[in-house]
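Structure first, commentary second.
Since every read-out is calculated from the coordinates, none of them should be taken as a lab result. Model, not experiment: these values are computed from the prediction. Because the Cβ atoms are built from the backbone with ideal geometry, glycine has one as well, and the counts that use them run over all protein chains shown.
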Amino acid sequence: GNSVTQMEGPVTLSEEAFLTINCTYTATGYPSLFWYVQYPGEGLQLLLKATKADDKGSNKGFEATYRKETTSFHLEKGSVQVSDSAVYFCALSDPRRGSTLGRLYFGRGTQLTVWP
Amino acid sequence: DVKVTQSSRYLVKRTGEKVFLECVQDMDHENMFWYRQDPGLGLRLIYFSYDVKMKEKGDIPEGYSVSREKKERFSLILESASTNQTSMYLCASRLAAQETQYFGPGTRLLVL
């Protein structure tokens, strides 16, 4: 079946530190991969995505590369800011491309807190 | 900008009450979803709808039902609320031809 495993938090960093949040997946086909972010008191918003192997998604200084050989999509940022404090969710799409029944499978989320 | 709105940010109900959570999107999206979010469990899919009057069970449909009479509106119904349904409920929508889902701000429900 389809599933996503991401590193457990909470993760606590000082401002300007390097961030890595690990994400690995299991899927029967060739899914697209996503990182969503949830700021305090808000819903989820798309941070970045990659649709095929070796693609790199990037946004707001965050990056993640779709690694098919290791079934991974780790999130990285070179220098975090206090405003990056949020919960980060890794997700994959149902590999049935083109299906109107496609759905997302989410990891459990990783809480990131950045201190000044 | 896509806008997904949910009828309430916070809701307090009593055990046994019938509860309606409403979600409206303004981008003509075909697909809509209801999730619940609990600490340590992430997001779990309750129900989704791929078109008007269509619905599919997700991973945890027990104790819930849904209604989609109009394309822009997707309602989640708790027929008889129980304390284990205390949670954050998130609605999402997407175009059928795209994979990105757009989320509402969530409704935090407390069942006493």
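Points worth noting:
- Cross-link partners of B:Lys55 among aspartates and glutamates, defined as those whose alpha carbon lies under 15 angstrom from its own and excluding same-chain residues fewer than eight positions apart: B:Glu30, B:Glu69, B:Glu72.
- Once the gyration tensor of the Cα atoms in the protein assembly as shown is diagonalised, the equivalent ellipsoid follows with semi-axes of 29, 21, 15 Å, ordered largest first.
- In this calculation the C-beta distance from B:Arg73 to B:Arg14 is compared with R0 = 25 Å, giving a FRET efficiency of 0.45.
- Selection of GluC sites (Glu not before Pro), the range A:1-83, meeting DSSP coil and at most 12 other Cβ within 10 Å: A:Glu16, A:Glu69
- The Cα-based radius of gyration of the range A:1-73, divided by its Kirkwood radius, gives an Rg/Rh of 0.97.
- Gain upon complete extension [A:Thr51, A:Thr5; 0.36 nm per residue less C-alpha separation]: 14.7 nm
- Proxy reagent accessibility, fewest Cβ within 10 Å first, across B:Lys13, A:Lys60: A:Lys60, B:Lys13
- Sparsely packed chymotrypsin sites (Phe, Trp or Tyr not before Pro) within the range A:1-106, loop by DSSP, other Cβ within 10 Å at most 16: A:Phe18
- Label-point separation in nm, B:Glu22 to B:Thr83, each point 7 Å along Cα→Cβ: 3.1 nm
- Placing dummy labels 7 Å off each Cα toward the beta-carbon, the span from B:Leu110 to A:Ser85 is 2.3 nm.
- Note on chain B: Rg/Rh from Cα positions, Kirkwood definition for Rh, rounded to two decimals, is 0.95.
- As a rough footprinting exposure proxy, the listed residues B:Leu90, A:Leu48 were ranked by other beta carbons within 10 Å of their own, and the order from fewest upward is A:Leu48, B:Leu90.
- Taking label positions 7 Å along the Cα-Cβ direction at both B:Ser7 and B:Arg44, the computed distance is 2.4 nm, reported to one decimal.
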